[in-house]
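Please read the structure below before turning to the comments.
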Amino acid sequence: NAGVTQTPKFRVLKTGQSMTLLCAQDMNHEYMYWYRQDPGMGLRLIHYSVGEGTTAKGEVPDGYNVSRLKKQNFLLGLESAAPSQTSVYFCASSYSPQGYEQYFGPGTRLTVT
Amino acid sequence: TQLLEQSPQFLSIQEGENLTVYCNSSSVFSSLQWYRQEPGEGPVLLVTVVTGGEVKKLKRLTFQFGDARKDSSLHITAAQTGDTGLYLCAGGSYRYNFNKFYFGSGTKLNVKP
């Protein structure tokens, strides 16, 4: 049972490049989330999904897009990376809308130069 | 501006000492969670409290949710080196059948042997 996995673990991008971060969960959870974690800022919600084919904006959605074509996968895309998007990105999933038990992945460390 | 303020930001103590960390806000939350995060890993949920005044115990850890549901505390008795990590609180705001969580920036705890 892998829980929540994230690919890749590390990535360095140049300004203007694009990339997709993949999150996969094997717990059959309906709800999935993308957060970013920056020093001194805690985790901030980027986008979330309440089920296959449904996504919504969180606190800091600008510059990011998401898709949830399959229940187990939640993709985060950066169309034109900027240095301000340098961060550690975490995916999480939960079985209920209350999110009382969010399971986090190990994170992706992204640097944009 | 952080919705949730955690204090202290850093804490370094000897093994065996007691400690309390705080999570404060001017906003009311429907629930409050505490997580522990180790370097290079995602946060791991410790507890969720949902009722004002609620106290939960997890071995040597005691969690309290304020009566007005605006603040919380985490008390560790007889700290051990294994308690070292970043402690994050997250307040839940439940609207439109979904709970969004707002995270504090964390308390970094170092327990010395």
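The values are calculated or read from the model by the stated rules, or taken from the named source; none is laboratory data. These figures come from a predicted structure and were not determined experimentally. All Cβ positions, glycine included, derive from the backbone under ideal geometry; neighbour counts span all protein chains shown. These accessible areas exclude ligands, DNA and RNA; they are computed on the full protein's heavy atoms, side chains included. Shrake-Rupley method; radii C 1.70, N 1.55, O 1.52, S 1.80 Å.
Accessible area per residue for the stretch B:17-100, computed on protein heavy atoms with a 1.4 Å probe, is 48 Å². Burial here means at least 30 square angstrom less accessible surface with every protein chain in place than with the chain by itself, probed at 1.4 Å; in the stretch B:86-113 the buried residues are B:94, B:98, B:99, B:100, B:101, B:102, B:103, B:105. Which of the trypsin sites (Lys or Arg not before Pro) across the stretch A:1-55 are loop residues per DSSP, with 13 or fewer other Cβ within 10 Å? Taking the stretch A:1-55 and a limit of 13 other Cβ atoms within 10 Å, the loop trypsin sites (Lys or Arg not before Pro) found are A:9, A:14.
Pairs of Cα atoms nearer than 8 Å and 6+ residues apart set the relative contact order; for chain A it is 36 percent.
Solvent-accessible area lost on pairing B with A (1.4 Å probe, both sides summed) amounts to about 1800 Å².
The candidates A:26, A:62, arranged from most to least accessible area with a 1.4 Å probe in the full protein assembly, appear as A:62, A:26.
Rounded to the nearest percent, how much of the accessible area of the protein assembly as shown (1.4 Å probe, protein heavy atoms only) is carbon and sulfur? Intermediate values should be presented prior to the final figure.
On the way: 5390 of 10820 Å².
With neighbouring chains kept in place, the figure for the protein assembly as shown is 50 percent.
The solvent-accessible area of residue B:38, taken with every protein chain present and a 1.4 Å probe, is close to 80 Å². Take the Cα of residue B:96, go 7 Å toward its beta carbon, and the backbone nitrogen atoms of the stretch B:19-37 under 18 Å from that spot belong to B:30.
Once the other residues with Cβ under 14 Å from the Cβ of residue B:83 are scored (Lys, Arg +1; Asp, Glu -1), what is the net sum? Please report the intermediate quantities before stating the final value.
On the way: positive: B:36, B:59, B:60, B:108, B:112; negative: B:15, B:17, B:38.
Computed value for this residue: +2.
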